[in-house]
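Peer 1: What follows is a single structure, and I will ask about it in a moment.
The values are calculated or read from the model by the stated rules, or taken from the named source; none is laboratory data. Values in this document were obtained by computation on a predicted structure and should not be read as measured data. Cβ atoms come from the backbone with ideal geometry, glycine included; neighbour counts cover every protein chain shown. Ligands, DNA and RNA are excluded from the accessible area calculation, which covers all protein heavy atoms including side chains. Shrake-Rupley method; radii C 1.70, N 1.55, O 1.52, S 1.80 Å.
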Amino acid sequence: MAAAELYQAFILDTLDRLSPRRDVKHYMACYPSSADPFFIRLGKDYKIEWLDQRGGDLGERLGGVVETLMNRGLERIVLVGADSPTLPTSYLEQAFAALKVQPVVVGPSQDGGYYLIGLSQWTPELFDDIPWGTEKVLELTLKKIHDLGLECEILPKWFVVDDLIGL
């Protein structure tokens, strides 16, 4: 129960950090369902649109969110997790600026993964065959970007909260 409450606090912190940005459309992807009363309340309070994640692993769910948003006509999509509740908003600004000239932007995390990925073109391969939750996520994602011949901006390293010790 404490872990769920902490994660809800992370979501609130993330929303508070992002809400002042009126120049971007805010979506929140949730799992398993946006019908949860917590998500319904947040949708009203923060005037955001919820997307239900679909798919088995994290890669399928991330890819599904990007595909849904690109099918709605969005040209630049930046995905950030709620597990970096203190992420500087300047990193988000850098990500959107990078996507004006690069097809991909990645924010590496200290654990070998990433706290942010942004795309200006639909590239589903970036989310395929990645061992999610391991120290190989960033390395393999960057290799895929290179193998696909895509240019990529790398943001400064930041942290993610992965393990809750004692909860």
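Peer 1: Can you find a residue in segment 94-101 that is farther than 25 Å from Phe10 by Cβ, without any contact (Cβ under 8 Å) to a residue 60 or more places away in the chain and hydrophobic (A, V, I, L, M, F, W, C)?
Peer 2: Looking for residues that are farther than 25 Å from Phe10 by Cβ, without any contact (Cβ under 8 Å) to a residue 60 or more places away in the chain and hydrophobic (A, V, I, L, M, F, W, C), one finds at least one in segment 94-101, hence yes.
Peer 1: Now, a different point. Could you tell me which of the residues Pro108, Pro103 is in contact with a Ser or Thr (Cβ under 7 Å, 6 or more places away or on another chain) and surrounded by 15 or more Cβ atoms within 10 Å (Cβ to Cβ)?
Peer 2: Result: Pro103 is the single residue among Pro108, Pro103 that is in contact with a Ser or Thr (Cβ under 7 Å, 6 or more places away or on another chain) and surrounded by 15 or more Cβ atoms within 10 Å (Cβ to Cβ).
Peer 1: If you go through segment 1-34, how many residues are of a type in the set (A, V, I, L, M), surrounded by 13 or more Cβ atoms within 10 Å (Cβ to Cβ) and modelled with pLDDT of 80 or more?
Peer 2: Here the count works out to 6.
Peer 1: If you go through segment 45-77, how many residues are assigned to a strand (DSSP E or B) and either buried (at least 19 other Cβ atoms within 10 Å of the Cβ) or modelled with pLDDT of 95 or more (or both)?
Peer 2: Going through segment 45-77 one residue at a time, the tally reaches 1.
Peer 1: A further question follows. Criterion first (open to solvent by 50 Å² or more (accessible area, probe 1.4 Å), of a type in the set (Val, Ile, Thr) and in a loop (DSSP other than H, G, I, E, B)) does Val161 satisfy it?
Peer 2: no
Peer 1: Do we find that Pro85 is more than 14 Å from Ala29 (Cβ to Cβ) and assigned to a loop (DSSP other than H, G, I, E, B) in this structure?
Peer 2: For Pro85, the condition - more than 14 Å from Ala29 (Cβ to Cβ) and assigned to a loop (DSSP other than H, G, I, E, B) - is met.
Peer 1: Scan segment 118-158 for residues that are in a helix (DSSP H, G or I), among the aliphatic types (A, V, I, L, M) and buried (at least 18 other Cβ atoms within 10 Å of the Cβ) and jot them down.
Peer 2: Those that are in a helix (DSSP H, G or I), among the aliphatic types (A, V, I, L, M) and buried (at least 18 other Cβ atoms within 10 Å of the Cβ): Leu126, Val137, Leu138, Ile145.
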